[in-house]
Structures are given as structure tokens and as C-alpha cells.
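Each remark here refers to the structure printed beneath this line.
The values are calculated or read from the model by the stated rules, or taken from the named source; none is laboratory data. Since the structure is predicted, the reported quantities are computational estimates derived from the model, not experimental observations. So basically every Cβ, Gly included, is an ideal-geometry build from the backbone, and we count neighbours across all protein chains shown.
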Amino acid sequence: MRRLAVSRLRPGMRVARPLYSSSGTLLINRGVVLTAGIIRRLVELGVPGLYIEDGLALDLPVEDVIRDETRLKAVQQVRELLTAENGAERLQRALVRVEKIARTIDEIIDELLAKKDLVVNLTDIRTWDDYTFCHSVNVCVLSLLTGLTLGLSRADLFHLGMGTILHDLGKVKVPRDILNKATRLTDEEFSVIKRHTQWGYQMAQEIATVSRLAATIPLQHHERYQGQGYPGGLQGAEIHDLAAICGIADVFDALTADRIYRPAVPVHEAYEYLAATGGYLFDYRLVRAFLENVAPYPAGTLVRLSTGEVALVVGTRRGKPKCPLVRVFLAADGRRLAPYELDLAEETQVYIGEVIPGDQFLHSTTVEGSPD
Ligand SMILES: [Fe+2]
């Protein structure tokens with residue numbers, strides 16, 4: 001399967017992963033064959049993209065690091081919390097919601113512990129209708145994976161999970177017209193946005209389920225290693241590791257998301273960008289632990305190999321991020337091959353030359369090669 005922008009979808013393509021709204025409604029299920037009408041509806045709804053089957057990797061479904069149901073539940077709980085209206089009862093209701101979130105964090109940690117060998121292989125695990133809620137959950141999961149790699153205790157993982165899922169809690173106090181502004185922010189507007197760190201800290205401290213350590217994450221997640229961040233301009237060890245991990249995951253997930261003002265950055269570019277921030281924006285040790293859990297060439301990425309052949313990435317082995325397992329289907333001269341698999345971790349002479357835009361070679365593979 002591979003992910004395509006909605007503008008690239010064509011009738012006859014088959015959906016490979018279900019798509020949900022952030023309230024949990026199933027929008028389109030796996031196996032559905034697209035029609036012109038469905039595609040029109042997706043465009044109207046503003047859906048950015050879909051995973052579709054391409055006939056080359058049907059027997060290798062990509063597994064997320066946590067179950068779809070758990071992710072969806074977390075997204076809904078964050079949504080309930082972050083859309084809580086201001087008022088006298090707000091805090092009381094928020095308390096109940098945070099207790100539910102705490103139970104979900106425990107479930108996420110259990111699932112991650114049970115699937116230690118998986119790396120993050122999905123390029124878009126967002127529901128289609130709201131960036132913020134899915135982003136909070138993605139940052140939480142990516143941070144917990146990093147925490148596991150660093151060998152954090154169960155107690156610290158819980159603080160990390162709570163603090164990261166609530167890292168942008170303070171944004172509920174930022175006026176919506178500033179938060180959703182598609183054009184450039186004025187200095188004054190940006191200074192209001194920056195205050196979401198302190199507001200989030202204060203709000204988190206009012207909630208008994210959130211420890212002081214977890215509350216440090218909303219406060220410090222925009223601090224940067226050499227003092228370039230805000231609100232405190234803290235440096236190095238002044239920034240708590242848990243908050244720095246959140247900062248790394250926040251940057252990565254924001255880069256790899258489609259936004260109103262720019263399309264997603266390809267995962268391998270976001271990977272290289274982060275690798276270059278070690279010792280500058282972030283502590284190198286933490287960046288390295290983060291990158292161990294991310295596939296720079298996620299399953300479904302189309303690549304041209306150093307041999308000139310074209311292949312589809314079908315999996316990534318932990319510890320060998322740049323040498324995924326690929327399925328070769330086109331020769332260097334463009335001839336169609338009987339697809340065969342190549343493990344680039346073992347074939348050390350062959351490497352990835354470039355990433356090819358996702359919709360190329362699709363027509364021939366879908367229409368002719370799709371077994372029913
Ligand atoms: Fe933030």
C-alpha cells in the first residue's frame with residue numbers, strides 16, 4: 001500500500017487503511033473501491049490523503065506501534081479535554097477527563113512494551129479533521145518510544161506520557177483567530193502563542209492526576225538546547241529530559257504533517273533534519289534515541305535504488321533505519337519485473353538513491369497487478 005494525496009486518487013483504487021474522523025466516526029473502510037463520487041466527497045471534506053492498495057505489498061500490512069482503537073480512544077479523550085468550554089465547572093470536568101486519559105496512557109505503555117521491535121512506519125496516522133488532537137497523541141506515542149529506548153522507569157514513562165499528551169493544553173487559552181491564522185503572525189500574536197507554555201503549566205498543576213514533573217513538559221517543550229527556545233531561554237541540562245524528548249517529537253510530527261500553509265515534509269527529510277539538530281536544538285543523546293524508533297523510508301515509500309531499479313519499501317528493521325526491506329518491480333530500463341524482495345540490510349552494495357513521488361508507476365501496478 002502507499003499513501004496518496006487526495007488529488008492523486010482515481011476511481012478503481014482500493015482503500016488500504018480505514019479513515020476515521022477525530023470523533024471516532026468511520027469515514028471510509030479498508031477494501032472500499034473508490035468511485036468518482038467518493039473522491040469528490042473526500043475533496044469536499046478536506047481529507048488530505050489516503051492509503052491505497054497498489055498490488056505490490058498486499059500481503060504485508062503495515063502495523064502501527066499501538067492498536068487503532070487505542071489511538072482513536074486517546075484522540076477522542078484529548079479532543080474532549082481541549083474543547084472544554086471555559087467556566088466554573090470546567091476544571092471539575094477536566095479532572096474527570098484527565099483520569100480517563102491517565103488510564104489510556106497506561107494502556108499505550110503496555111502496548112508499546114509488548115511490541116518492542118516495531119518502528120514507526122506509517123507516514124500519516126492522523127484522522128482527517130483535526131490536526132491538534134491527533135498531533136497530541138502522536139507526540140505522546142513518539143515520546144514514549146524514545147523513553148523506552150532510553151530505559152526510563154515505568155513511573156517516568158507515565159509522567160512522560162501524561163505531560164506529552166497535554167503538552168499543548170495551554171493553547172485552549174489562545175484566541176482561535178490567532179491559533180488558526182493562515183498568514184504570518186505579528187510579533188504580538190506570536191508572543192500570545194508563546195504563552196501557551198506557561199498557561200499549560202498552570203492548568204496542568206491544577207489537575208491532581210498530573211504530577212509536577214509531567215507539568216514541566218508543557219512548560220519546557222519549546223526550550224532548545226543552546227538557549228534558543230522559550231519561555232525561559234533555558235540551556236542544556238536546565239531543560240528536563242522529558243520536556244526535551246517532547247520537543248523533538250513535536251518538531252518531527254509537525255514537519256511530517258500536511259498543514260494549511262504547506263504540504264508535509266517527506267519523512268526521510270524530517271529524519272535528516274532532526275539528525276542535524278543534535279547538540280544544537282536538542283541534546284544529541286535524545287535525538288539519537290528518538291531516531292531509533294522512526295523509519296526514514298516508511299513502508300509504502302517508492303524508491304529508486306543505486307542500481308537504477310524501482311522498488312517499494314515494505315518494512316524496516318530496528319537498528320537498520322536506512323536499509324529497509326524493499327520489493328523491486330521495475331528494472332533500470334523501465335521493464336516490468338516479476339516483483340522480488342531485497343533486504344538492503346544484507347545487500348550492502350545496494351542503497352536507496354532517491355525517493356520517487358508516491359503516484360508514479362501506480363496505474364500499471366494497480367490495474368494489472370491487483371489480485372482480488
Ligand atoms: Fe507547543
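Candidates ALA257, ALA289, ALA264, ALA237: the one that is at pLDDT 95 or above, surrounded by 17 or more Cβ atoms within 10 Å (Cβ to Cβ) and more than 22 Å from VAL350 (Cα to Cα) is ALA289. Taking first residues from region 274-285 that are touching a residue at least 24 places away in the same chain (Cβ under 8 Å) and partners that are assigned to a helix (DSSP H, G or I) and surrounded by fewer than 13 Cβ atoms within 10 Å (Cβ to Cβ), the Cβ contacts under 9 Å between residues at least 6 apart in sequence or on separate chains come to ASP283/GLY236; ASP283/ALA237. Can you pull out the residues in region 1-34 that are within 18 Å of the chain's Cα centre (by Cα), in a strand (DSSP E or B) and among the basic types (Lys, Arg)? Of everything in region 1-34, those that are within 18 Å of the chain's Cα centre (by Cα), in a strand (DSSP E or B) and among the basic types (Lys, Arg) turn out to be ARG2, ARG3.
Can LEU60 be described as surrounded by 14 or more Cβ atoms within 10 Å (Cβ to Cβ) and modelled with pLDDT under 85? Here the answer is yes, as LEU60 does meet what is asked. Of the numbered criteria (1) more than 16 Å from TYR284 (Cα to Cα); (2) surrounded by 14 or more Cβ atoms within 10 Å (Cβ to Cβ), the one ARG184 fails is (2). Restricting region 304-347 to residues that are of a type in the set (Asp, Glu) and more than 28 Å from the chain's Cα centre (by Cα) leaves a set whose member that is farthest from ASP117 (Cα to Cα) is ASP333. Of everything listed in (1) in contact with a Lys or Arg (Cβ under 7 Å, 6 or more places away or on another chain); (2) modelled with pLDDT of 75 or more; (3) charged (D, E, K, R), the single unmet condition for ASP124 is (2).
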